[in-house]
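Peer 1: Dropping the structure in here first, questions after.
The values are calculated or read from the model by the stated rules, or taken from the named source; none is laboratory data. For clarity, every value in this text was computed on a predicted model and none was experimentally measured. Reconstructed Cβ throughout: ideal geometry from the backbone, glycine too, with neighbour counts over all protein chains shown.
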Amino acid sequence: MKTHGFGIIGCGMIAEYHTRAIEEIEGAKVVAAFSRSAANGAKIAELSGGCAVYDDLDAMLAHPGLDVVCVCTPSGAHLDPAVKAAKAGKHVVVEKPLEITLARCDAIISACDSAGVRLCTIFPSRFSPANLSLKTAIDTGRFGRLTLGDTYVKWWRTQQYYDSGGWRGTWELDGGGALMNQAIHNVDLLQWLMGDVETVTALTATLAHDRIEVEDTAVAALRFKNGALGVIEAATSAYPGLLKRTEIHGSRGSARVEQDDITLWEFDLKIHSDSDIFAAMSAPAGSKAGASDPRGISHAGHRDQLADFLEAIDEGRPASVDGREGRKSVEIIRAIYRSAQEQRAVRLPLEDA
């Protein structure tokens, strides 16, 4: 089996999750890291069992045996290292969001296409067993006609969280607030389950935090292209932070996933596996997984998605969540921001964002 050598670009908190995930995948190894912080680079070196640490990105990209990079810089600083890695012939993994504007997303996609390398956007929620079961039920028609699709991320972040990093809560590097940073996972999940969005009507506000430029509270009403309606609620202003939740309803069934547990699974035409699915996935995990603590997430979803990406590279196929898939949630969120700013319904696709 070929061993894929990974490089980590940007060694902040999320890089730790990438490193732990990679080290658990057979045939994968973190061999190099780039960081402007010596302390952060040393932490990734320790987690990886001794990878080389660079303060020069070009030097890191030339490291022997490196063929995949994970871009873990702040959201609005994904473009330059992703493009540079692609031009160096490396396959590219970009932590969510792909970038903070559609033009910057498109530049990353174009660079990877031109270089003939694979591109992956990190959305590990798509790889949880509960959400995969939900997707299968939709794709096999068990819901009948889809009527409603809702997702709720009512989390809490302290003022100290925003004050701890100069990029947090800024349009330039965070790209937005509760929607672009925290709830984007569920925005991606909702469109993956329900299909493309046609229009959004939204309100946003900053209600519980000081010294940030972006929203900590947002609500949006959606119409999907298939005619179904939907709701997105996102917050980092909801103390003490609740489990994230996605609900799918149709003319023949309803289901609810809270965090990664199925808490409702009801269809008019039952099948034998329904009881097994509900029994296996309805036990509460006992963790709020990021609802109030940014570190309270598991790296298991990253591991499963990165393993899928390596399979895509080896098989010569696109990643399950490639750049074009990663772009979709950014477009929806940018449409929400535009709707809130201009106080009108906004139709997708966006001409510019």
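Peer 1: From the list VAL200, VAL257, which residue is in a strand (DSSP E or B), surrounded by 21 or more Cβ atoms within 10 Å (Cβ to Cβ) and within 19 Å of the chain's Cα centre (by Cα)?
Peer 2: Residue meeting the stated conditions: VAL257.
Peer 1: Can you list residue pairs whose Cβ atoms sit under 8 Å apart, with the first residue in the range 267-280 being part of a helix (DSSP H, G or I) and the second being polar (S, T, N, Q)? Count only pairs 6 or more apart in sequence or on different chains.
Peer 2: If the second residue must be polar (S, T, N, Q), the pairs left are ILE277/SER133.
Peer 1: Now, a different point. If you go through the range 1-35 one residue at a time, how many are touching a residue at least 60 places away in the same chain (Cβ under 8 Å) and of a type in the set (Lys, Arg)?
Peer 2: Final tally of qualifying residues: 2.
Yes or no, residue by residue, for (1) among the aromatic types (Phe, Trp, Tyr); (2) outside any helix (DSSP H, G or I); (3) at negative phi; (4) in contact with a strand residue (DSSP E or B) (Cβ under 9 Å, 6 or more places away or on another chain):
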position: ALA39; (1), (2), (3), (4): no, no, yes, no
position: LEU47; (1), (2), (3), (4): no, no, yes, yes
position: ASP58; (1), (2), (3), (4): no, no, yes, no
position: ASP67; (1), (2), (3), (4): no, yes, yes, yes
position: CYS70; (1), (2), (3), (4): no, yes, yes, yes
position: ARG126; (1), (2), (3), (4): no, no, yes, no
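Peer 1: Within the range 95-137, count every residue that is aliphatic (A, V, I, L, M), more than 19 Å from ALA183 (Cβ to Cβ) and assigned by TED's automatic domain parsing to the domain that holds TRP192.
Peer 2: Total satisfying the criteria: 2.
Peer 1: Which pairs do you get when a residue that is closer than 16 Å to ASP216 by Cα and not assigned by TED's automatic domain parsing to the domain that holds LEU132, found in the range 175-202, comes within reach of a residue that is among the hydroxyl-bearing types (Ser, Thr, Tyr) and part of a helix (DSSP H, G or I), reach meaning Cβ atoms under 6 angstrom, with the pair 6+ apart or on two chains?
Peer 2: Qualifying pairs under 6 Å: none.
Quick grid of which residues meet (1) at pLDDT 95 or above; (2) closer than 17 Å to GLN191 by Cβ:
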site: GLY290; (1), (2): no, no
site: ASP308; (1), (2): yes, no
site: SER329; (1), (2): yes, yes
site: GLU342; (1), (2): yes, no
site: LEU348; (1), (2): yes, yes
site: ALA353; (1), (2): no, yes
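Peer 1: Being in contact with a Pro (Cβ under 6 Å, 6 or more places away or on another chain) and crowded, with 18+ Cβ neighbours inside 10 Å narrows it down to one residue among SER75, SER125; which is it?
Peer 2: When all the criteria are applied, what remains is SER75.
Peer 1: On to the next question. Within the range 303-350, which residues are out of contact with any strand residue (DSSP E or B) (no Cβ under 9 Å at 6 or more places or on another chain) and more than 20 Å from LEU179 (Cβ to Cβ)?
Peer 2: ARG303, ASP304, GLU311, GLU315, GLY316, ARG317
Peer 1: Please specify each residue of the range 210-230 satisfying the condition of being of a type outside the set (A, V, I, L, M) and either over 23 Å from SER164 (Cα atoms) or surrounded by 21 or more Cβ atoms within 10 Å (Cβ to Cβ) (or both).
Peer 2: GLU215, ASP216, THR217, ARG223, PHE224, LYS225, ASN226, GLY227, GLY230
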